[in-house]
Amino acid sequence: MAALDAFTTLLDPPMYVVTATADDGERAGCPIGFASQSSIRPARFTVWLSRADRTHRVACRASYLTVHLLTTEHRETARLFGEGRRDGATGPGDAGPRLFVLSDADRFSPGHPA
């Protein structure tokens, strides 16, 4: 595990917020650090959600997910989603000068015990 920790410490991926609305209208969202482009044609972007998170259960009943790429101007949005307030969301707004990355969230409390 130490070798993996040494590798992942060098990474500082962008932070995203994923939101979902189930077909019955239930809404949820959470921050994610695991996402990637997974295809060029057709264009595909993959996110990995924790099964321990309520967002996963809502996402399973949704037709689509919305992925919001956060910038440093959206620190409070990241904090709201990261500390368990998953009562719906809007888009992140205008892009700021720098992406909000994983290390920017190092002092946030997790929203679930995953």
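The values are calculated or read from the model by the stated rules, or taken from the named source; none is laboratory data. Quick caveat: nothing in here was measured; it's all calculated off a predicted structure. When we count neighbours, we look across all protein chains shown, and the Cβ atoms used for this are built from the backbone with ideal geometry, even at glycine.
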When the range 20-49 is examined, which residues are found to be in contact (Cβ under 8 Å) with a residue 12 or more places away in the chain and over 16 Å from the mean Cα position of the chain (by Cα)? ALA22, ASP23, ASP24, GLU26
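To keep it simple, each residue is scored yes or no on (1) surrounded by 15 or more Cβ atoms within 10 Å (Cβ to Cβ); (2) hydroxyl-bearing (Ser, Thr, Tyr); (3) assigned to a loop (DSSP other than H, G, I, E, B); (4) out of contact with any Gly (no Cβ under 6 Å at 6 or more places or on another chain).
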position	(1), (2), (3), (4)
THR19	yes, yes, no, no
ALA28	yes, no, no, yes
PRO31	yes, no, no, no
GLN37	no, no, no, yes
ARG41	no, no, yes, yes
ALA52	no, no, yes, yes
HIS56	yes, no, no, yes
Of the residues in the range 1-17, how many are in a loop (DSSP other than H, G, I, E, B) and of a type in the set (D, E, K, R)? 1
Hey, could you check the range 61-75 for residues that are among the charged types (D, E, K, R) and at pLDDT 85 or above and say which is nearest to the chain's Cα centre (by Cα)? GLU73
